[in-house]
1. Within the range 630-643, is even one residue open to solvent by 60 Å² or more (accessible area, probe 1.4 Å), free of Cβ contacts under 8 Å to residues at least 24 places away in the same chain and part of a helix (DSSP H, G or I)?
2. Quick check: anything in the range 189-200 more than 23 Å from Phe713 (Cβ to Cβ), more than 27 Å from the chain's Cα centre (by Cα) and assigned to a helix (DSSP H, G or I)?
3. What number of residues in the range 606-626 are modelled with pLDDT under 75 and open to solvent by 50 Å² or more (accessible area, probe 1.4 Å)?
4. Somewhere in the range 35-55, is a residue acidic (Asp, Glu), surrounded by fewer than 16 Cβ atoms within 10 Å (Cβ to Cβ) and part of a loop (DSSP other than H, G, I, E, B)?
5. If I filter the range 80-124 down to residues being of a type in the set (Phe, Trp, Tyr) and in a loop (DSSP other than H, G, I, E, B), which single residue comes out as nearest to Cys221 (Cα to Cα)?
6. Spot the failing condition for Phe67; the list is (1) open to solvent by 70 Å² or more (accessible area, probe 1.4 Å); (2) at positive phi, and only one is missed.
7. Looking at the range 479-505, I want the residues that are more than 18 Å from Ser437 (Cα to Cα) and have a partner that is not in a helix (DSSP H, G or I) with Cβ atoms under 8 Å, at least 6 apart or on another chain. Which pairs are those?
8. I need every pair where a residue in the range 573-589 that is over 24 Å from Ile471 (Cβ atoms) and touching a residue at least 40 places away in the same chain (Cβ under 8 Å) has its Cβ under 9 Å from the Cβ of a residue that is polar (S, T, N, Q) and outside any helix (DSSP H, G or I), sequence separation at least 6 or different chains.
Amino acid sequence: SKPAPSVIVLACVSAMGAGFDLFNTFAAPQTNMIGNGIITIFFGILVGMYIVDWHKWESRLQRGVTFVVVVYGMCIGGIVKCRVYPQAPLVIILFHIPVVVGILRASAFRMVSRASFYRSVALATLIVGMLVLGLWLAWIFLEAWDGINRYDSNTKAKLVAQSHTLYEETKIEVNGRMRSLDYQWDCLNKKDRDFDMVFGERVSNGYTFTILENKERAEKCGEVNLIWFLLWISPFVAVMTNLVLSVFCTINSIMSNANDTSRAEKAMKQFLLMVAVLFLCMWVASSVSGASMRLTGTLLAFCGAALAALFIWMYVEVGARLISSALKQSQMMRTMISVVTNDWFRACFVIAFNVGIPVMFLVEVVRHRVRRLRGEDPSTRWLTPEASAALEFFSNWRWVSIFVKANWLVLLYWTISVGVAKITIIFLSWLNEELQSVPFAWVLVLFFVIGYTMFMLPPVPGIPVYITSGIIVSAQARSIKEVGGYAGGVAIAIALSFLLKIAAVCGQYSIGYFLGKSVRVQQLVMVDKVPTRSIEMILLRRGLNAGKVAVLVGGPDWPTSVLCGILKLNLFQCCVGTIPVILVSSPCVLAGAFMAGPSKDMGAADKSLWEGLANTALAISALGQLASGVIAMYFIQDTISRHSDKLAEHRPEHDAVKALTEAEQEYMECYAEVTDWRNLPKFWLAFIKVSAIMMIMSFFIFLLLDEVCFREFQVKDSISDVEGLNCHGSFGCALVRIVKDDPPVGWAALALFGIASAMHGIFLSYVSRRAKKLLQKRQAAGSKPGGGSATALFDNNFESAFV
C-alpha cells in the first residue's frame, strides 16, 4: 500500500504515463466550474453529516464508507480543477503517503514499538523513492523506452505536442476575436503579428498585437508551460516526498523512548521543529519568487499539505491522553504549550480560519436544532454543549490583542512578500537597464555599492541580488575578451557576490553592535532568553563548525548578522563561518547568468535550454538554503535540549534587561486593562475589528490572487519593453504599472491594505494614550509605587503594540 501513491503519480500524473490524457480531458474552461460544483456538493454533504452527528452512528462500516465517499468526492472535484490548479492532482495523490502511514500506525501496527515502526517506514519510503528515481532516470536517458527525455528543446517539443488539447482549449482575444493559443507562434517565437491558417500553414495577416494582447499571450503561455513542466518533473516530486518522509521517520525512530511522557515531549519537539521547517520552506519559496518562478504556488501548496499531515500525525502518534499527562509532569511541555497558546499563535488561527469561525457557530445552531427535533437535547439554548464550551473558551481570549497582532502579521507578510519583493525585482531590473551603457569596471563598483546598500535594508533578501549580479556582469562581459568573455564574467560575478555577502555581514554586524548598546534592543531580541542564548552558544564555536555554518548561512541575511553584532560575537569568526555561503550564492549567480545567456541574439531553442538551466540552478540554491536552515534548527533545538539549565542561568550582564522588563510590567498591566474587549468603548472595539477584517481580506487577495493583482515580471526583464511594463526607463512608472488595472483587483487590495494600516496606527495611538493616562493615574494615587515615569518609559506606540 505504501508504494501505491507513487505508482499512481507515475501512471496518471506524469509524462511517463497518462498525465497528458488527464489534463487534456479536463482542459476545457468549464471543467473548473464543474470541479467547483463537485466540491461544493460533497462539502455540503460533509457539513450535513456533522449536523446529524455522523460520528455517533452505530455502524462502523457506514461511518467509514460515508466518510471515504465524501472525502474522495472532494478529491475528484480538486482533480477536475487541474486546468486552473495544475498542482492539485500531485498534492492530492502524494498526500496519501503520510495518510497510509498514519492508518497503518493507528490500526494494524498499533502494538508495534515506535522505533521499529518508523524504522521500517523510513526504509520502505527510501526504497520506493529510489525505485521511482531509477524509473524516472531510465525514462529520461534510455532511448529504447520512449526516446531520450532530457529537458532540452527536443523533449519540450514532444511535451508541447502532447499538450495539443490544452493549447486548443486555451483561448486568447486578438483583434476582437477569440482564437486558440498556438505554441510555435505565440509562445516559442513570440511573433509580433497575428496569423491566419491558410492550407494548414500559419500566414501572417498583418495585424500587430497590442501591449495588452501580448501580456495575455505571455500569461496563457506560462500557464500551459507550467502544466507540461509539472508532468515532466512530477516523478521527481514523488521521489522528494518519499525521501522527506523517510528522513522524518528516521528522526522519529532515533528519538524514540519507552517512557510515555518523554515520548509525548519528544514528539512535540519534532512537531514544532517540522512546523518551523515548513515555514522556512515557505520563506525560501517566497525568496525564489523574487526570480518570478511560476512554481512558487506549487511549493506553497505542498507546504500547506505537509502542515495538515503534521497535525494529523501529532494526534495519531501522541493522542490527547499523553499530551495531558506530559503537561502535568514536564516543565518543558508546559512551556511549549504556553508558547503555542499565546496571542501570536491565536492571531495566526484567526487569520487562517477568519470567517470560518462565525460560520461554524451558525452550523452549531442548526446542529442543536436538529438534535431538538430528534428529541436528543430538550434544552432551549441556541448552541450545542460543545459549541457553548467553545464560545466560553473564546470569550476569555484577549481579542483586541489578537486583532492587533493579526494586523502586525499581515503587515509583515506584505512587507516581505509583496512590497519589498516587487520593489526589489523592479529596482534590480531598472538597475540592469541603466548599467548597460556603463564601462565594465564601473559596473562592478556601482553594483557592489548598490548591492551593499540593499543588504543593509532589513527586508531585502539576498537571492535576487545574487541573480542580478549574474545577469548584469555576465551580459556585460560577453564582448570583453580581457576578462574572459561570458565565462569570465560568470566567474567575476560569483566572486563579486561572495565578497558582497562578506562585506554585508560586516556592515550588518556593525548595525547590530551599535543597536545592541540599547537595553531596549537587547530586550527585543530576548538576549536573556534560552532560544537566543542557544544561538549564541552555537556561534561562539570557532572555525567552520557545522552548527555555526548552518545558522550563519541558513538564517535570514539581515537578522542573523545583526544579532551577531548585538551579542558582541567575534566578527572575524562570523565571517569565517559565513564562507560556505558561496555554495548557496553561486547557483543563484549561475541562474542569473543562464537567464542572460552567452549571446544576446539566441534562437528560441537556445533560449529555452538556458532558461531550463537557470531554473535548475535556482532550485539547487533553494535546496541549499533550505538544507542549511533545517540543520540550523536541528542544532538550535539540540543545544536547548542538552544545555537548557545552563542557558537559563542568571547572567549579571543581562540585569539591565531584567530591570527594564520589571519596570515596564506596570505599564503592561495598564495596557492589558485598557485593551480588554470588555473595557474598550464599543466604537474602538468595532474600529479594530474592521481594521483586522480588512487586513485579513487583503492578505488573502495578495496570497491567492497574486497573478490577478500584479503583472508577471522577472529580474531579467526590461521595464522599457513594450511587451512588459512599457515604462521607458522610469522606475516610478514601473512601480505603478506592475499593478494590474484591468480588473483593478490589485489596486483594490492595496487600498484595503492601506486603509486597514492607517486604522491600525490610529488605534495603537489611542490605546497607548489611554494606557499612559491610566498608569499616571495609578502612580498619582500611589496604588503601585515605583516603576518610573510613564512618559519616559513608553514614548513609542510601536513598542506598546507588542504587549
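1. Scanning the range 630-643 turns up at least one residue that is open to solvent by 60 Å² or more (accessible area, probe 1.4 Å), free of Cβ contacts under 8 Å to residues at least 24 places away in the same chain and part of a helix (DSSP H, G or I).
2. Narrowing the range 189-200 to residues more than 23 Å from Phe713 (Cβ to Cβ): 193-200.
Subsequent filtering for residues that are more than 27 Å from the chain's Cα centre (by Cα) retains 193-200.
Filter once more, keeping what is assigned to a helix (DSSP H, G or I): none.
No, there is no match, as no residue in the range 189-200 is more than 23 Å from Phe713 (Cβ to Cβ), more than 27 Å from the chain's Cα centre (by Cα) and assigned to a helix (DSSP H, G or I).
3. The number of residues fulfilling the criteria is 7.
4. Applying the first criterion (acidic (Asp, Glu)) to the range 35-55 yields 53.
Right, trim to surrounded by fewer than 16 Cβ atoms within 10 Å (Cβ to Cβ) and you get 53.
Adding the requirement that they be part of a loop (DSSP other than H, G, I, E, B) leaves 53.
Checked against the condition, which is being acidic (Asp, Glu), surrounded by fewer than 16 Cβ atoms within 10 Å (Cβ to Cβ) and part of a loop (DSSP other than H, G, I, E, B), the range 35-55 yields at least one hit.
5. Of the residues in the range 80-124, the ones of a type in the set (Phe, Trp, Tyr) are 85, 95, 109, 117-118.
Cutting the leftovers down to in a loop (DSSP other than H, G, I, E, B) gives us 85, 95, 109.
Details: Tyr85: 15, Phe95: 29, Phe109: 48 Å.
Taking the candidates together, the pick is Tyr85.
6. Phe67 satisfies all of (1) open to solvent by 70 Å² or more (accessible area, probe 1.4 Å); (2) at positive phi except (2).
7. Gly488/Ile480; Ala491/Gly484; Ala504/Met456
8. Between residues of the range 573-589 that are over 24 Å from Ile471 (Cβ atoms) and touching a residue at least 40 places away in the same chain (Cβ under 8 Å) and residues that are polar (S, T, N, Q) and outside any helix (DSSP H, G or I), there is no close pair.
The values are calculated or read from the model by the stated rules, or taken from the named source; none is laboratory data. Not measured: the values here are computed from a predicted model. Heads up, the Cβs are rebuilt from the backbone with ideal geometry, glycines too, and the neighbour counts pull from every protein chain shown. We work out accessible area using only protein heavy atoms, side chains counted, and drop any ligands, DNA or RNA first. Shrake-Rupley method; radii C 1.70, N 1.55, O 1.52, S 1.80 Å.
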